[in-house]
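Read through the structure below, which is laid out as structure tokens, and then see the notes.
The values are calculated or read from the model by the stated rules, or taken from the named source; none is laboratory data. These figures come from a predicted structure and were not determined experimentally. Here the Cβ positions follow ideal geometry from the backbone for every residue, glycine too, while neighbour counts run over all protein chains shown.
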């Protein structure tokens, strides 16, 4: 009985010991393909990895690990810091699987703007593409400088009424300090396109400032320190024989360079047409004068009509715009005029109307607690007065002439207060009569109420004496009778000189 028990125990030991050496013998059963199986197991993992994006450094580390497994030399592998573009082409198929694929629809900004390549005639070679940003030519442009609080500035365009626009040109603070530029300077120069990350064109080289070189404007005297004088040089407004409006204006209310004139008009008296005739006469007889027409709170169709009928700068801010825009447009126009006078130019501004400009300032100005009659703030009329008071004839220099219209008898108490504030500030006044306009008698000028201070500086003695005689003759007439008398006598003459000679005595 004990003998067979021992055999069973030995058999169980053999059975238990037999599987132990079988585990290491499994790879030995197929010794021919150990190297082929190992890359297959490794290839399964990287084949799934391209589905997710990884940094390229990890990709090259995995390539090095795989190369070490496959038995290749590590010296031939590219370093992760500086991968060579030719390495993937020479590497094995497994490397091409591991590499992250590039997006086919990805293009740089330069490639997006690049047109289709053209081939040279007679060859299969493509033309070299030249980016528009690499343009070597010189682009000239101009604008009016507006300096911001941060120190830099922009050149504003007349097409946008000197307000901020996408076409503005950037001026660096170093250029402003180097040449002593101010707000309102009219600058011409070469510009460059915006670089990557920039929004505006930039001023590359300064050409002229207000028509002068940079050396000539360094020593200019500020406008506030210039000596004002009475107008001495006359602006001739007579153009045609049938231009009775400007001929009568030339006789009874002459305008000189540096005049501060006011046209007092009721609604529908033809003040806008009169401004057009004055502007056309100035551009025809005095081409050296720089003319600007500023339309504040006017109708859009009148702005278009003025821009098409007058060869001058027309800067406008229509009635559907905010009051802040009215004020900003008026300020930039005044600053430009001052800068031009500083270098000796003669400038004329025709403003329509100063009443609307004062209304806009009354809306914008912060409340001071002191309210005048009609709802006008006590501090609201300071800046409109500064605008109107800038007109002056400068000693040994240029001149700034401002002809502004003021509305009266509109039914608004505010308009009356504004007119009374400006009534004695001008040195020329032209009154229009609503009664003449209702009877369709144009020009509707009230001759007896119109006149110029110190007109003896603008007229000859003989001409002035004849005008005085004419005024005495019409003093007993009404405004309608005096205008009909003038129109009847002027129809047979070609100009004012012939008209005065035809008078008896």
- Item | Residues of region 341-381 satisfying the condition of being part of a loop (DSSP other than H, G, I, E, B), over 20 Å from residue 329 (Cα atoms) and in contact (Cβ under 8 Å) with a residue 40 or more places away in the chain | 343, 344, 345, 372, 373, 374, 376
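Taking region 451-497 as the region of interest, how many residues are outside any strand (DSSP E or B) and over 14 Å from residue 244 (Cβ atoms)?
Kept after step one, since they are outside any strand (DSSP E or B), are these residues of region 451-497: 453-497.
Among the residues that remain, those that are also over 14 Å from residue 244 (Cβ atoms) are: 453-481, 497.
Selection size over region 451-497: 30.
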- From the set of residues in region 434-450 that are touching a strand residue (DSSP E or B) at 6+ places or on another chain (Cβ under 9 Å) and in a helix (DSSP H, G or I), which is surrounded by the most Cβ atoms within 10 Å (Cβ to Cβ)? 447
- Task: With respect to residue 340, determine if the residue is touching a strand residue (DSSP E or B) at 6+ places or on another chain (Cβ under 7 Å), assigned by the TED database to the domain that holds residue 297 and within 19 Å of residue 225 (Cβ to Cβ).
- Result: yes
- Message: Yes or no: region 336-351 includes at least one residue that is modelled with pLDDT under 90 and at positive phi.
- Response: no
